[in-house]
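Written below as structure tokens is the structure these notes are about.
The values are calculated or read from the model by the stated rules, or taken from the named source; none is laboratory data. The structure presented is a predicted model; accordingly, all values stated were derived computationally and were not measured. Here the Cβ positions follow ideal geometry from the backbone for every residue, glycine too, while neighbour counts run over all protein chains shown. The protein model used for the area step is the full one, side chains on, heavy atoms only, and it has no ligands, DNA or RNA in it. Shrake-Rupley method; radii C 1.70, N 1.55, O 1.52, S 1.80 Å.
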Amino acid sequence: MKKMLIVTAPSGAGKTTIVRHLLKTFDDLSFSVSATTRPPREGEVDGKDYYFLTVRKFQNRIKKDAFAEWEEVYPGKFYGTLKSEIEKKWRKKKNVVFDIEVKGATNLKKLYGDRALAVFIKPPSLEELIRRLEKRDTENKKTLAERIARAKEELTYENNFDKVLINDNLALALEEAEGMVRDFFEIKKGTAKKRDNYYDEE
Ligand code: 5GP
């Protein structure tokens, strides 16, 4: 039976770096492409990074009960996991990996129980998290303050998850994350195939 790895974190804790590393290290894992109503960033590919939908289409899918979970992550910006995406990956005999925020992660874990390993990535301290958010030059003062407030709230979600991984030293965090994946998916050391990209081969 195929399973899933849910990686979540407060904004700025470095979950995307960890997810991409795991996808490159274990070719048995496959990234769950979410649907979103936010516009694509430069270099993002529809169907690979996200399924970019209009709000209308997104709401239609909500009505049709097509989502395993969805959240309005920022005002007017919706993000969600399509049930069809999970089924498609499992049909291809892949284990699925999610990079999602804490509320959606909590709901997915509730839904899939023992089939899911939910890992919460934690920054070494709130001060360090604020430093990391400040370093992202995409933030302006208002969104930065919003992100900090949000991150503080998200830190309180830690107890909803199976494992907590402290991202202080990245190399150590990656090693620890690899160990969690090997244990949960029963992958023996040295047997996993690597890939260059974090996308699936078509
Ligand atoms: P970004 O816009 O930076 O790609 O993502 C913003 C936030 O939304 C991140 O925390 C990301 O992990 C989260 N996210 C991405 N996809 C989903 C999803 O399908 N569901 C939920 N709940 N959050 C998501």
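Here are the numbers:
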item	result
The stretch 1-76, accessible area per residue, ligands and nucleic acids excluded (1.4 Å, Å²)	49 Å²
Portion, in percent, of the accessible area of the chain that falls on carbon or sulfur, probe 1.4 Å	49 percent
Residue-wise HN-Hα coupling along the stretch 77-87, computed from phi with Karplus coefficients 6.51, -1.76, 1.60 (Hz; x: Gly, Pro)	10, 9, 9, x, 9, 7, 4, 4, 5, 5, 4
Rounded to the nearest 20 debye, dipole of the chain from Cβ charges on Lys, Arg, Asp, Glu	620 debye
Equivalent ellipsoid, the stretch 128-202 (semi-axes from 5 times Cα gyration tensor eigenvalues, Å)	31, 18, 12
Charge context of Lys103, other residues only, Cβ under 12 angstrom, K/R +1, D/E -1	-3
DSSP bridge orientation in the stretch 4-185 - percent antiparallel, rounded to nearest 5	30 percent
Given Lys2/Lys163; Lys57/Lys122; Lys64/Lys163; Lys77/Lys141, the pairs whose alpha carbons are separated by over 31 Å	Lys57/Lys122; Lys64/Lys163
Reachable aspartates and glutamates, given that their alpha-carbon falls under 14 Å from the alpha-carbon of Lys109 and they are not under 8 places away in the same chain	Glu69, Asp99, Glu101, Glu158, Asp162
By accessible area with a 1.4 Å probe, ligands and nucleic acids excluded, highest first: order of Asp28, Asp49, Asp196, Asp183	Asp196, Asp183, Asp28, Asp49
Gap separating the Cα centres of the stretch 31-51 and the stretch 152-182, nearest whole Å	24 Å
Flagged links, alpha-carbon separation over 21 Å, of Lys48/Lys92; Lys92/Lys189; Lys3/Lys88	Lys92/Lys189
Pairwise Cα inverse-distance average, inverted: Kirkwood Rh of the chain (Å)	17.5 Å
Net charge contributed by nearby residues that have their C-beta within less than 12 Å of Met1 (K/R +1, D/E -1)	+2
